1. Which residues, counting only those in the stretch 38-56, are free of Cβ contacts under 8 Å to residues at least 40 places away in the same chain and among the charged types (D, E, K, R)?
2. Taking the stated definitions as given, is LEU166 out of contact with any His (no Cβ under 7 Å at 6 or more places or on another chain) and over 21 Å from LEU9 (Cβ atoms)?
3. Counting only residues that are among the small types (Gly, Ala, Ser) and touching a strand residue (DSSP E or B) at 6+ places or on another chain (Cβ under 6 Å), which one in the stretch 83-108 is surrounded by the most Cβ atoms within 10 Å (Cβ to Cβ)?
4. Exactly one condition in (1) of a type in the set (S, T, N, Q); (2) over 25 Å from PRO16 (Cβ atoms); (3) within 19 Å of the chain's Cα centre (by Cα) is false for GLN97; which is it?
5. Out of all the residues in the stretch 66-82, which are open to solvent by 30 Å² or more (accessible area, probe 1.4 Å) and either modelled with pLDDT of 95 or more or of a type in the set (Ser, Thr, Tyr) (or both)?
6. Cβ contacts < 9 Å: first residue within 18 Å of ILE78 (Cβ to Cβ), restricted to the stretch 14-37; second residue part of a loop (DSSP other than H, G, I, E, B) and among the aromatic types (Phe, Trp, Tyr), any location; separation 6+ or different chain. Result?
7. Based on this model, can you work out whether ASP27 counts as of a type in the set (Asp, Glu) and within 20 Å of the chain's Cα centre (by Cα)?
8. Take residues that are more than 29 Å from LEU79 (Cα to Cα) and open to solvent by less than 80 Å² (accessible area, probe 1.4 Å) and tell me which of the helices (runs of 4 or more DSSP H) falling wholly in the stretch 131-220 contain 3 or more.
Amino acid sequence: MSFNKNISLAVIKRLPRYYRYLGDILDDGITRISSKEISQRMDITASQIRQDLNNFGCFGQQGYGYNTELLYGEIKKILGLEKQYSMIIVGAGNIGQALANYINFQKRGFNFIALFDANPKLIGLTVRGIEIYDVDKLAKYLSNIPVDIAVLAIPKNAAHDVAQILIDGGVKGIWNFSNIDIKTPDDVKVENVHLTDSLMTLSYKLNEQEILSRLNRPAH
């Protein structure tokens, strides 16, 4: 496995899709698959699939295709999923609790170990056995317990201050749901998630379909 430093974000965002589809293919008992067969399942051209995978090495053989289990394992390594990650959630509201309750994260190696919130009514409660701590104790907690990834599920006006506490505490990955983009040092990676952007994209698609349908409607 090799890495090309100039890999585009579009390619990186397709890797989890490849991983999911290959997992489904393995569950179906398919041990060998071609890029054409993958393309039919994923609605991506076979050429695009080959180009994407070639960024990381040569995994297939012409006339043979891909060993499904081998390719699945290689993409797992590329995504860093052979590791275990300790995670915390800052913000134990609806989004934070929903994420803590999603057990598939743990199956992928993402292990929540604590939640934090400013609401006194939540402090001391547990979500799936994970305790909610006072957010004022966050810096002290990080000084004693190493954390790989922090989820930010707090109002945007508090996001920058909390992100700085996380950075100072040695957290190297931030999954940010605070509806504001956060900038960090180069050695701290951020994935900014805007749920409304995804919903508005769906709205665009529905609106586009409605307009096209209207344009294609025969005149009376």
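The values are calculated or read from the model by the stated rules, or taken from the named source; none is laboratory data. On a predicted model such as this, the values are computed, not experimentally measured, just so you know. Here Cβ is always computed from backbone atoms with ideal geometry, including for glycine, and neighbour counts include all displayed protein chains. Accessible surface areas use protein heavy atoms only, side chains included; no ligands, DNA or RNA. Shrake-Rupley method; radii C 1.70, N 1.55, O 1.52, S 1.80 Å.
1. Matches in the stretch 38-56: ARG41, ASP43, ARG50.
2. Details: out of contact with any His (no Cβ under 7 Å at 6 or more places or on another chain): yes; over 21 Å from LEU9 (Cβ atoms): yes.
Spelling it out, LEU166 is indeed out of contact with any His (no Cβ under 7 Å at 6 or more places or on another chain) and over 21 Å from LEU9 (Cβ atoms).
3. To start, the set of residues in the stretch 83-108 that are among the small types (Gly, Ala, Ser) comprises 86, 91-93, 96, 98, 100.
Still in the running and touching a strand residue (DSSP E or B) at 6+ places or on another chain (Cβ under 6 Å): 86, 92, 96, 100.
Values: SER86: 16, ALA92: 27, GLY96: 25, ALA100: 24.
Ranking the candidates gives ALA92 first.
4. Checking GLN97 against (1) of a type in the set (S, T, N, Q); (2) over 25 Å from PRO16 (Cβ atoms); (3) within 19 Å of the chain's Cα centre (by Cα), the one that fails is (2).
5. TYR72
6. Matching pairs, first to second residue: LEU15/PHE56.
7. So ASP27 fails the test.
8. Details: elements: 138-144, 156-168, 195-215.
Output list reads 195-215.
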